[in-house]
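Just so you know, all these numbers are worked out from the coordinates, no wet-lab data involved. Predicted, not measured: the structure shown is a model, and the values here were computed from it. Heads up, the Cβs are rebuilt from the backbone with ideal geometry, glycines too, and the neighbour counts pull from every protein chain shown.
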Amino acid sequence: MLERPQTSGSAQTLPGLQGEMTMQVALMVPCYIDMFYPHVGIATLELLERLGVDVIYPKEQTCCGQPMANSGCYEEARATEEHCARVFGSFDCVVTPSGSCTHHIRNKFTAGADSPEKQNLVRNTYDLVEFLHDVLKIREFPWATFEHKVALHTSCSAIRGLNMASMSERVHDSVFSKPKALLSRVPGVEFVEFERVDECCGFGGTFAATEEAVSARMGYDKLAFMQKALPDCIVSSDMSCLMHLQGCARRQKQDIPFYHLAEILNGVSL
Amino acid sequence: MSSPVDQAKNAEKFLADTVHEERLDKLLWAMRMRRDAAARQVPEWEELRTLASEIKEHTLSNLSQYLLQFEARAAANGMIVHWARDAHEHNQIVYEILAEQGIEALVKSKSMLTEECELRPFLERRGIRVTETDLGERIQQLDDQPPGHIIGPSIHKTTKDVAVLFSQKYGSDPNNEDAAYLAGVMRENTRPDILKARAGMTGANFVVAETGAIVVATNEGNADLSAHTPLLHICSVGIEKIIPTTESLAVFVRLLTRSATGDTITQYTSTFRGPRQGATMHVILVDNGRSARLGMKRFWHSLKCIRCAACMNTCPVYRRSGGLSYGSTYMGPIGIIMMPTFEIRKYSELPFASTLNGSCTNVCPVKIDIHEADLRVAGSHGGERPNPSRKKGGHAGRRQSAQPSGALPNRDGHTVSRTGSPATLRRLQPPECMGQAQGRPGGRQGNISRMV
């Protein structure tokens, strides 16, 4: 087992947690965010620190294993999942700005051997939105304003995997969205409504590579539905969907900015 | 041995034709919206889904018992019941029934099971002319294409496509795309076949164990014409179509059409209790891999399917790929988890035609867990995951191993033989089904009346 990293600064008391206990939060930055969107990882860290959370970034972290496992390559996913469990398994709370990584760890983390670290990680991993909305119960972001029209996309993993928002298929469920609830507390944010709001964007992890034509068509369609509503920008709590949509937008020479939710909550300006 | 169906490549071809792709996407999305609206009208919708799922799980867990009960009741009602281990036996039984009476022409209504068994080419090779009487199915027959959707076989075609096809086959006006006109052309051309036919064939949506009744749901009434006009009615039924009681039938009837098209019920929901006076009715109970599938940990739940196609209508991949891209009898989300159990190698890549978005699972009226990633492994290995299969392309490389087609290992590693007489099947089926179902998570025992 890896040694638990030393913390910097004094740990804060988190109001939403059991009693008045002090805890550390380990930040898991998804591999693709680390590679392609490091500023989203930085925004997440800054935001958590602004909120008084004692954040630890274990440097040995790599990937949660999702790309391999979702492709059916469980053997290949095993070592990665086991490494992930070793790196993060000793923390009381692991936060990651990714619904799909959280969904993978919480609901599909079956490739690696079972261990106390793994069970701990599965139990203690939160998507950033869940952590802010359900654990910290943060409702104010006084440092942020965003006077723009936002098309908010929530990933299928977040909706149907983590129940972070109601899904259109379940017609009798009450309508809610945790990402929207958070974003709506940033002064100036205006949401635009668009068609087929919870249809998949077409990314689907390795699906984007193996079923390129369908994946791209889905992305173009998603963009078209959003653009019809004339947003100033497209926002999501999953950067992987945005990576796909951004690629589609570039190919169509559409000039629209994309933001991870953490960036807006952290006070980014357009 | 057939090489794997390349759904991605087929989909790319379909997408290149934007007219058909956009139309299919819009049409089926509208169907999904109609399904949502219909479900909204039923406050207990989610309760019904749970109930339907539990009834199916209960029935599948006690399949042999209900099949035997059905057989006894159906026979008492005057039906002649046959058991077919596989597609070939099914086709042979149909052929022998027809040949015995010297019948050379058959009218039939739409049945995915007969597509699965490839009955039509089997009979045609033996000199029997088959007329499909469902409009969409007839269009596909004339165009020499399999169905592209399980309830709308020709839904990928425009009215223009149909007008051109009918003009070539029937000599009608190629420029008249009016749907009523085209339906009229079809009617004029198939009605004489129905009136002359000495044998009619239907599938079944449900068969009821306690009454020995067969239930067929259609919108065109063609199943009723096919069954009632000739003096011989042959009905093919997959063994998973059985439900315990008329009371449980009500649950499924409420869910089926609302899930499928958003209508409250089909135009015709016909119950056949036995042959009418002077007529003969044969029922063929077909296994064709179903018993083996019931023993597969990751695939058995696909047997709950009631063939409503809600999963296809909501699937963003299906709507943009077209049903024919799957190269299989069952397509879309349910197809990609069913087909590998028929022929592992050929359909090994179908489970990858999914973004794992989970919409299908949440519209499914019988709550089949359709979208789980596990199936991508199971898809190539008969329900277990000893070695990973690899999707070609991307970073995953080519798949490493292939199982021989035509023989599926069941959970105990035994291979289910494709040969055997109806007599051996008749003897083998009950214990086989029972033994496999009992160890299965989710299998429900007990009295069905407590659930409804």
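The table below gives the values:
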read-out	value
Residue-count net charge about B:Gln41 - beta-carbon cut-off 13 Å; Lys, Arg +1, Asp, Glu -1	+2
Proxy reagent accessibility, fewest Cβ within 10 Å first, across B:Asp178, B:Asp86	B:Asp178, B:Asp86
Within straight-line cross-link reach of B:Lys196, lysines at Cα separation under 29 Å, skipping those fewer than 8 residues along the same chain	B:Lys108, B:Lys110, B:Lys169
Relative contact order for chain A, counting Cα pairs under 8 Å that sit 6 or more residues apart, in percent	19 percent
Shielding score for B:357-365, defined as the mean number of other chain Cβ atoms within 10 Å	5
Span from the region A:21-76 Cα centroid across to the region A:81-159 one, whole angstrom	9 Å
Electrostatic dipole magnitude of region B:47-287 [Cβ: Lys, Arg +1; Asp, Glu -1; Cα centre; debye, to 20]	440 debye
For B:Ile80, distant residues with modelled amide H under 5 Å away	B:Met281, B:His282, B:Val283
Positive minus negative residues near A:Ser240 (Lys, Arg vs Asp, Glu; Cβ under 14 Å)	-2
Per-residue HN-Hα couplings for region B:282-292 [Karplus 6.51, -1.76, 1.60; θ = phi - 60°; Hz; x = Gly/Pro]	10, 10, 10, 8, 10, 8, 6, x, 5, 4, 5
Residues whose placed amide H lies under 5 Å from that of A:Tyr126, excluding near-sequence neighbours	A:Val94, A:Val95, A:Thr96
Cβ neighbours within 10 Å from other chains - mean over B:348-354	3
Ordering of B:320-333, B:252-265 by burial proxy (mean other Cβ atoms within 10 Å per residue, highest first)	B:320-333, B:252-265
Dipole moment magnitude, nearest 20 debye, the protein assembly as shown about Cα centre, only Lys, Arg, Asp, Glu C-beta charged	1280 debye
Of the DSSP H helices in chain A, those whose Cα atoms cover at least 15 Å axially and whose Kyte score averages 0.0 or more	A:38-50, A:239-251
Sorted by Cβ density within 10 Å, fewest first, the residues A:Ser269, A:Ser90	A:Ser269, A:Ser90
Over region B:53-178: Kirkwood hydrodynamic radius from C-alpha pairwise inverse distances, Å	17.2 Å
Euclidean distance between Cα centres, region B:204-232 to region B:331-356, Å	30 Å
Which of B:Lys26, B:Lys297, A:Lys118 has the fewest Cβ neighbours within 10 Å, and the rest in rising order	B:Lys26, B:Lys297, A:Lys118
Long-range HN-HN contacts of B:Leu106 with modeled amide H, under 5 Å	B:Arg129, B:Val130, B:Thr131
Debye intensity ratio in log₁₀ form over the Cα atoms of the protein assembly as shown, taken at each q of 0.06 Å⁻¹	-0.39
Partner chain coverage, peptide A:239-251 - average Cβ within 10 angstrom	0
Where Cα atoms sit under 15 Å apart: lysine pairs in chain A separated by 8 or more or lying on different chains	5
Pairs beyond 21 Å (Cα-Cα), from B:Lys9/B:Lys346; B:Lys241/B:Lys367; B:Lys26/B:Lys241	B:Lys26/B:Lys241
Highest-first arrangement of B:14-22, B:109-117, where packing means the average Cβ count within 10 Å	B:109-117, B:14-22
Point-to-point label distance, B:Val19-B:Tyr170, nm (Cα→Cβ direction, 7 Å offset)	2.1 nm
Helix-derived mean residue ellipticity, 222 nm - over chain A, DSSP H n ≥ 4, -39500 (n - 2.57), to 500	-11000 deg cm²/dmol
Distance between modelled label sites at B:Lys196 and A:Ser184, nm, 7 Å Cα→Cβ extension	6.7 nm
Chain A: C-alpha gyration tensor shape, a/c 1.5 cut-off, then a/b vs b/c	oblate
Most positive-pole-ward Cα, B:Leu350, A:Leu261, B:Val164, against dipole of the protein assembly as shown from beta carbon charges	B:Val164
Three-way shape call for region B:47-287 based on the alpha-carbon gyration tensor, with the a/c threshold at 1.5	oblate
